[in-house]
Number of protein chains: 2
Amino acid sequence: MVTMHDVARHAGVSVSTVSYVLTGARPISPATRKRVLAAMAELDYQPNAMARGLASRRSRILGLLMPMDDRGTGATETAFVTGAAEAAARAAHHLLLSPIPAGDVDALRRLASQRILDGALVMEVQMEDPRVEVLRELGVPFVLIGRTRDTTGVPFVDIDFDHTVRGAVEHLLDLGHRSIVFVNHSQEALASGYAPALRTQESFTTVMAEHGLEPLVVTAEDTAAAGRAALRTALVQCPGLSAVLAMNEHALFGVLGELALQGLKVPDDVSVVSMVTSAQVADLATPALTTMTSPGSTLGRLAVEVLLRTLEGSGGPSHQELVTCSLEVRGSSGHLRRTPERTPGGVASR
Amino acid sequence: MVTMHDVARHAGVSVSTVSYVLTGARPISPATRKRVLAAMAELDYQPNAMARGLASRRSRILGLLMPMDDRGTGATETAFVTGAAEAAARAAHHLLLSPIPAGDVDALRRLASQRILDGALVMEVQMEDPRVEVLRELGVPFVLIGRTRDTTGVPFVDIDFDHTVRGAVEHLLDLGHRSIVFVNHSQEALASGYAPALRTQESFTTVMAEHGLEPLVVTAEDTAAAGRAALRTALVQCPGLSAVLAMNEHALFGVLGELALQGLKVPDDVSVVSMVTSAQVADLATPALTTMTSPGSTLGRLAVEVLLRTLEGSGGPSHQELVTCSLEVRGSSGHLRRTPERTPGGVASR
DNA sequence: ACGCTTCGTCGAAGCGTTTCGATGATTCCT
DNA sequence: AGGAATCATCGAAACGCTTCGACGAAGCGT
């Protein structure tokens, strides 16, 4: 392994000079700098990350705290990771992937105490997330992807769920729909404090109320079967249903299947809008889904940039930013045509 | 930060003794060990990863070389990562996620030279993958997830594509199908050496030939639109088509949409089997897809275990293992009913 | 020409571990 | 009983880098 010593000898300078060329911590004359750089190139020198990390107390590694329950596994999350990875790479940092569950405080404490992370990106943030306290206590800078209920002094980037719901609902209202059902994640997800589900549901209720409409909500596990059941429930509660607003991609595909089985055409009989969904997933359905498109990779990039800026040591106020989902109208939403007649009591599949 | 020194002082022993308790490199008497462990617990000591890494030349970090092109982003890959992360965590190792493209030899060389990785898991392996040579040259142990054309001396775990194709084809043959079209990834993917596409296609050709059948193959970009077009092409080339075998999930959903538009029912008119597909994705379709289910998380776990075993320093022969996809029959495949009549020249959507 | 800054560089002391050789204290064999 | 072998522990030298104080050589004003 070629070390700084070798470079120094080869360039006829001291090790510290080589170090300064690399870090820029002190000015070095152009002549020496050039010689040092030449020596590095010639010897194909790469700094040893561990040594640098030990001496500088900066590992250049960012932790990606990504609990891997079944939910957090969609195309949106993947795009997020991609964006984060690219931003990190651009800044010569690395991303360390940790699947620690949001509730496993001990594991997080262990990880953070190893001083292997310069900072952390916290995914799958819950309304009351114990990780915030742990990281703060251990002095590990962090940025939430998502946000807790109380966000005072906590840096985060998140999706503007209120804006997203409004955009989706207003799109449907513009098309003439009045009977809209909101298909959310499961009761358990809500109970466990899964923030996107809670926030969107609250916004939905508010927005519908603002328009003097009844906010119909059904919940479903993240499976197609649950989606089917959810739609049947919705049709019972509101037979005149003309639009579905979804915050649960997996269930939504079940909804679509069930709609087809019941002889309801999309978008002629029922319009469908999926929120926080990627174009890739939207395309899987026929017709392609109208979505509030998730800003996946943007969010990831942003999170890394905010975190790195924090590490630079600005003692400024913690950065908080909401990024919006944009409406992309595809084939699944259209003008209200008529109150569909249908045979009551849908037929089960197969 | 509490260091080994603190622990040593607190326990009344030398630092080296503390180290030996931790690493087990030398025997320590039960009495001292107990005192040391007590001191650690009391002080809430966590070893500094950087210092340990520098001194031991073992970072306990495994690189996950995961090129993030559009393709490698499905549920199968996610499951893989999940499995790997869990296996690594169990062995007290970390996973460092690097999105370096397969072709970017320089970036890989830079990463590997930093000595930040104990070993690497190589994803998205191509038939001729330059990364193998780089890693070997730089002395970084690795395991391929996938495999190159020439696998002599290269440790890998991969899916048994031949078995997968056989399983799928035989399932369809058993149901009476004879006109089967294989929907593969794009021409470019094939040309660039994307191994799963090449291997499955070859197996398909072979297996069909073994049964005296014509192997019809169409290629498609990984989009629904391309899938639609692919199906239309297939119907022109083989109007009597009764089954679709897919190696391209995204295109497959286009295929399903186009089938519906053409008035062809699944599985009554056309049976569909998707290969290397997760149950999650299978469920998105209605009816749910019959699949050769990808062993995602198993593969990830296995890869990490193999790599760790390699790091333990067994000079044995390089571990090579193929793991099979298992047939899961869902609603999309059924007995051949009849040669479907149809209006020639499908109607484009919308 | 004098001291005073400023500039560029050097040497050495860490950073928190691991690991190697050495050192007493025991135990064992004859 | 005496020397060899074994055992548990210690001290110190790495590991490859960063960073701090120091120092000679220029450049400055007066």
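The values are calculated or read from the model by the stated rules, or taken from the named source; none is laboratory data. Only a predicted model underlies this, so the values are computations on that prediction, with no experimental measurement involved. Quick reminder, even Gly has a Cβ in these numbers, built from the backbone with ideal geometry, and neighbours come from all protein chains shown.
In this structure, is residue A:26 over 34 Å from the mean Cα position of the chain (by Cα), of a type outside the set (A, V, I, L, M, F, W, C), within 14 Å of DNA strand D (Cβ to nearest atom) and not assigned by TED's automatic domain parsing to the domain that holds residue A:142? Reasoning before the result, please.
Details: over 34 Å from the mean Cα position of the chain (by Cα): yes; of a type outside the set (A, V, I, L, M, F, W, C): yes; within 14 Å of DNA strand D (Cβ to nearest atom): yes; not assigned by TED's automatic domain parsing to the domain that holds residue A:142: yes.
Answer is yes for this residue.
Could you tell me whether the range B:36-44 includes any residue that is in the same structural domain as residue B:102 (by TED's automatic domain parsing) and either touching a Leu at 6+ places or on another chain (Cβ under 8 Å) or within 13 Å of DNA strand D (Cβ to nearest atom) (or both)?
no
Out of the strands (runs of 3 or more DSSP E) lying entirely within the range B:163-250, which hold 2 or more residues that are in contact (Cβ under 8 Å) with a residue 40 or more places away in the chain?
On the way: elements: B:180-184, B:216-219, B:243-246.
Qualifying strands (runs of 3 or more DSSP E): B:180-184, B:243-246.
So, in the range B:86-106, exactly how many residues are in contact with a Pro (Cβ under 8 Å, 6 or more places away or on another chain) and closer than 21 Å to residue B:194 by Cα?
Pass one, the range B:86-106, residues in contact with a Pro (Cβ under 8 Å, 6 or more places away or on another chain): B:86, B:89, B:99-103, B:105.
If we keep only those that are closer than 21 Å to residue B:194 by Cα too, we end up with B:99-103, B:105.
Adding up the residues that qualify gives 6.
Mind checking which residues of the range B:256-287 are within 10 Å of chain A (Cβ to nearest Cβ), under 17 Å from residue B:232 (Cα atoms) and in contact (Cβ under 8 Å) with a residue 60 or more places away in the chain?
B:257, B:258, B:261 - these are the residues of the range B:256-287 that are within 10 Å of chain A (Cβ to nearest Cβ), under 17 Å from residue B:232 (Cα atoms) and in contact (Cβ under 8 Å) with a residue 60 or more places away in the chain.
Regarding residue B:49, is this residue away from DNA strand D (no atom under 11 Å from the Cβ) and in contact with a strand residue (DSSP E or B) (Cβ under 9 Å, 6 or more places away or on another chain)? Let's see the steps before the verdict.
Working: away from DNA strand D (no atom under 11 Å from the Cβ): yes; in contact with a strand residue (DSSP E or B) (Cβ under 9 Å, 6 or more places away or on another chain): yes.
Criteria met by residue B:49.
Would a scan of the range A:40-50 turn up a residue that is over 23 Å from residue B:139 (Cα atoms) and charged (D, E, K, R)?
Filtering the range A:40-50 down to residues over 23 Å from residue B:139 (Cα atoms) leaves none.
Checked the range A:40-50: no residue is over 23 Å from residue B:139 (Cα atoms) and charged (D, E, K, R).
Go over the candidates B:69, B:150 one by one and state the one that is out of contact with any Ser or Thr (no Cβ under 9 Å at 6 or more places or on another chain) and either facing chain A (nearest Cβ under 9 Å) or farther than 22 Å from residue B:319 by Cβ (or both). Lay out the reasoning, then the answer.
Details: B:150 fails: either facing chain A (nearest Cβ under 9 Å) or farther than 22 Å from residue B:319 by Cβ (or both).
Exactly one of B:69, B:150 is out of contact with any Ser or Thr (no Cβ under 9 Å at 6 or more places or on another chain) and either facing chain A (nearest Cβ under 9 Å) or farther than 22 Å from residue B:319 by Cβ (or both), namely B:69.
Evaluate the range B:52-62: report whether one residue or more is touching a residue at least 60 places away in the same chain (Cβ under 8 Å), more than 16 Å from DNA strand D (Cβ to nearest atom) and either within 30 Å of residue B:101 (Cα to Cα) or surrounded by fewer than 18 Cβ atoms within 10 Å (Cβ to Cβ) (or both).
For the range B:52-62, residues touching a residue at least 60 places away in the same chain (Cβ under 8 Å), more than 16 Å from DNA strand D (Cβ to nearest atom) and either within 30 Å of residue B:101 (Cα to Cα) or surrounded by fewer than 18 Cβ atoms within 10 Å (Cβ to Cβ) (or both): present.
Looking at (1) hydroxyl-bearing (Ser, Thr, Tyr); (2) within 14 Å of chain A (Cβ to nearest Cβ); (3) touching a His at 6+ places or on another chain (Cβ under 7 Å), which is the one condition that is false for residue B:324?
Of (1) hydroxyl-bearing (Ser, Thr, Tyr); (2) within 14 Å of chain A (Cβ to nearest Cβ); (3) touching a His at 6+ places or on another chain (Cβ under 7 Å), only one is false for residue B:324: (2).
Wholly within the range A:281-350, which strands (runs of 3 or more DSSP E) include no fewer than the required count, namely at least 3 residues that are at pLDDT 95 or above, closer than 19 Å to residue A:147 by Cβ and not aromatic (Phe, Trp, Tyr)?
On the way: elements: A:290-293, A:320-323, A:326-328.
In the range A:281-350, the matching strands (runs of 3 or more DSSP E) lie at A:320-323.
Tell me, please, whether a residue that is more than 14 Å from chain B (Cβ to nearest Cβ) and part of a helix (DSSP H, G or I) can be found in the range A:100-122.
no
Yes/no per residue for (1) at the interface with chain B (Cβ under 8 Å from one of its Cβ atoms); (2) crowded, with 20+ Cβ neighbours inside 10 Å; (3) without any contact (Cβ under 8 Å) to a residue 12 or more places away in the chain:
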{"residue": "A:3", "(1), (2), (3)": "no, no, no"}
{"residue": "A:15", "(1), (2), (3)": "no, no, yes"}
{"residue": "A:21", "(1), (2), (3)": "no, yes, no"}
{"residue": "A:34", "(1), (2), (3)": "no, no, yes"}
{"residue": "A:74", "(1), (2), (3)": "no, yes, no"}
{"residue": "A:88", "(1), (2), (3)": "no, yes, no"}
{"residue": "A:94", "(1), (2), (3)": "yes, yes, no"}
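Residue under question is residue A:62, and the condition is that it be in contact with a His (Cβ under 7 Å, 6 or more places away or on another chain), more than 9 Å from chain B (Cβ to nearest Cβ) and within 26 Å of residue B:57 (Cα to Cα); does it hold?
On the way: in contact with a His (Cβ under 7 Å, 6 or more places away or on another chain): yes; more than 9 Å from chain B (Cβ to nearest Cβ): yes; within 26 Å of residue B:57 (Cα to Cα): yes.
For residue A:62, the condition - in contact with a His (Cβ under 7 Å, 6 or more places away or on another chain), more than 9 Å from chain B (Cβ to nearest Cβ) and within 26 Å of residue B:57 (Cα to Cα) - is met.
Based on this model, can you work out whether residue B:186 counts as surrounded by 16 or more Cβ atoms within 10 Å (Cβ to Cβ), of a type outside the set (A, V, I, L, M, F, W, C), in the same structural domain as residue B:257 (by TED's automatic domain parsing) and more than 28 Å from the chain's Cα centre (by Cα)?
On the way: surrounded by 16 or more Cβ atoms within 10 Å (Cβ to Cβ): yes; of a type outside the set (A, V, I, L, M, F, W, C): yes; in the same structural domain as residue B:257 (by TED's automatic domain parsing): yes; more than 28 Å from the chain's Cα centre (by Cα): no.
It is false that residue B:186 is surrounded by 16 or more Cβ atoms within 10 Å (Cβ to Cβ), of a type outside the set (A, V, I, L, M, F, W, C), in the same structural domain as residue B:257 (by TED's automatic domain parsing) and more than 28 Å from the chain's Cα centre (by Cα).
Please state which of the following conditions residue A:13 fails to meet, knowing it meets all the rest: (1) more than 23 Å from residue B:116 (Cβ to Cβ); (2) more than 12 Å from DNA strand D (Cβ to nearest atom).
Result: residue A:13 passes all but (2).
Does residue B:20 qualify as being among the aromatic types (Phe, Trp, Tyr) and within 12 Å of DNA strand D (Cβ to nearest atom)?
Numbers: among the aromatic types (Phe, Trp, Tyr): yes; within 12 Å of DNA strand D (Cβ to nearest atom): yes.
For residue B:20, the condition - among the aromatic types (Phe, Trp, Tyr) and within 12 Å of DNA strand D (Cβ to nearest atom) - is met.
Give B:147, B:136 a once-over and let me know the one that is in a helix (DSSP H, G or I) and either modelled with pLDDT of 95 or more or touching a Leu at 6+ places or on another chain (Cβ under 8 Å) (or both). Let's see the steps before the verdict.
Details: B:147 fails: in a helix (DSSP H, G or I).
Checking each option against the conditions leaves just B:136.
Mind listing whichever residues of the range B:95-113 are at pLDDT 95 or above and small (Gly, Ala, Ser)?
Once the filter is applied, which keeps residues that are at pLDDT 95 or above and small (Gly, Ala, Ser), the range B:95-113 yields B:98, B:107, B:112, B:113.
Which one of B:223, B:233 is more than 17 Å from residue B:180 (Cβ to Cβ) and outside the structural domain of residue B:76 (by TED's automatic domain parsing)? Break it down into steps so the answer makes sense when it comes.
Numbers: B:233 fails: more than 17 Å from residue B:180 (Cβ to Cβ).
Selected residue: B:223, the only one of B:223, B:233 that is more than 17 Å from residue B:180 (Cβ to Cβ) and outside the structural domain of residue B:76 (by TED's automatic domain parsing).
Within the range A:206-228, which residues are small (Gly, Ala, Ser), closer than 17 Å to residue A:187 by Cβ and buried (at least 18 other Cβ atoms within 10 Å of the Cβ)? Lay out the reasoning, then the answer.
The first filter runs over the range A:206-228 and keeps only residues small (Gly, Ala, Ser), leaving A:209, A:212, A:220, A:224-227.
After this cut, where a residue has to be closer than 17 Å to residue A:187 by Cβ as well, the list is A:220, A:225-227.
A:220, A:226, A:227, listed by residue number.
Among the helices (runs of 4 or more DSSP H) contained in the range B:1-85, which hold 3 or more residues that are near DNA strand C (Cβ under 9 Å from one of its atoms)? Even if it seems obvious, please write down each step before you answer.
Working: elements: B:4-11, B:15-23, B:30-43, B:49-56.
Result: B:4-11, B:15-23, B:49-56.
If I go through the range B:41-56 residue by residue, how many of them are more than 7 Å from every other protein chain (Cβ to nearest Cβ) and closer than 16 Å to residue A:55 by Cβ?
Adding up the residues that qualify gives 2.
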